[in-house]
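The values are calculated or read from the model by the stated rules, or taken from the named source; none is laboratory data. This structure is a prediction, so every number in the text was calculated from the model and none was measured. Positions of Cβ are generated from backbone atoms using ideal geometry, with glycine treated the same way; all protein chains shown enter the neighbour counts. SASA here: full protein model, heavy atoms, side chains in, ligands and nucleic acids out. Shrake-Rupley method; radii C 1.70, N 1.55, O 1.52, S 1.80 Å.
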Amino acid sequence: KRTQEALRESEANFRAFFESVTDMILVGTPQGRVLFANASVTRKLGYSQEELTGMHILDVHPADCRPEAEAIFAAMFRGERETCPLPLARKDGSLLPVETRVWFGRWNGADCVFGLAKDLTAEQEATQRFERLFRSNPSLLALSVLPDRQFADVNDSFLKALGYCRDEVLGRTAAELNLFPCPDQQAAVLEELSRTGRVDDREMQVRRKDGELLDGLFTGEVISSQGRQYLLTVM
């Protein structure tokens, strides 16, 4: 009786955890037929458990993405990839941005495939907001990769004010473009950035491509994304 009670508690704990996870979890046969899905799958994709059971795992991807998804999953099973970036398709046909990971395991005593899909809607919306703010901002904005400080991106205001084309800037440094005519100013800003990770409203001069000097207020902050560090500057 104690063993049976322990099993029931273990099952209850597993179910509570399985159903409370906000990420979408699908369990399928090695051939891809869906055996089970947690509540997050039914809530976000709009399918019932009955509809999901018996579907193929690839069926939750858009029809035009299924051959690519099949190839990616095969590469993941071979250990050549870790994630699948393709979106999932809701029952109504709309797309849900996700990042999916898969691994082999056991389910009800038989071999199975687990798939865990992380909803990237919030991250994508944040990225889109940043992109709109970055592109349309009237200030001169630049994003540089650290520690080399090569320009990864600049906005249109940066290019228009300084007279460059995008291809002339990306992948190069401010030193290579000779942007700062006062080395002491630049050195002081870099020292403060390395010490505090941020500078605010520092008066600086920048040199346009044609040699004209512009005066401005410079703000910079070190930010992290996907395990890398960047310098975001506003002038």
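Structure notes:
- Once both labels are positioned 7 Å from their Cα atoms along Cα-to-Cβ, the gap between Ala16 and Lys91 label points is 2.9 nm.
- The stretch 94-213, accessible area per residue, ligands and nucleic acids excluded (1.4 Å, Å²): 59 Å²
- Using alpha-carbon coordinates, inclination of helix 183-196 to the longest axis of the chain, degrees: 30 degrees
- Rounded to the nearest 10 degrees, the angle from helix 2-20 to the longest Cα principal axis of the chain is 40 degrees.
- Once exposed loop trypsin sites (Lys or Arg not before Pro) are cut out (DSSP; at most 11 other Cβ, 10 Å), longest piece of the chain: 79-235
- Debye intensity ratio in log₁₀ form over the Cα atoms of the stretch 82-160, taken at each q of 0.20 Å⁻¹: -0.96
- In terms of Cα atoms, the Rg and Dmax of the stretch 28-151 work out to 18.4, 61 Å.
- Measuring how big the stretch 142-214 is from its alpha-carbon positions, Rg and Dmax come out at 12.2, 34 Å.
- The alpha-carbon atoms of the stretch 1-80 define a convex hull whose volume equals 130 cubic angstrom per residue.
- Computed accessible area, Ser224, all protein chains, 1.4 angstrom probe, square angstrom: 90 Å²
- Shape descriptor for the stretch 187-231: Rg over Rh equals 1.08 (Cα atoms; Rh from the Kirkwood inverse mean 1/r).
- Among the GluC sites (Glu not before Pro) in the stretch 26-130, those placed in a DSSP loop whose Cβ has at most 15 other Cβ atoms within 10 Å are Glu80, Glu82.
- For the chain, the Cα-based Rg and Dmax, in that order, read 25.5, 87 Å.
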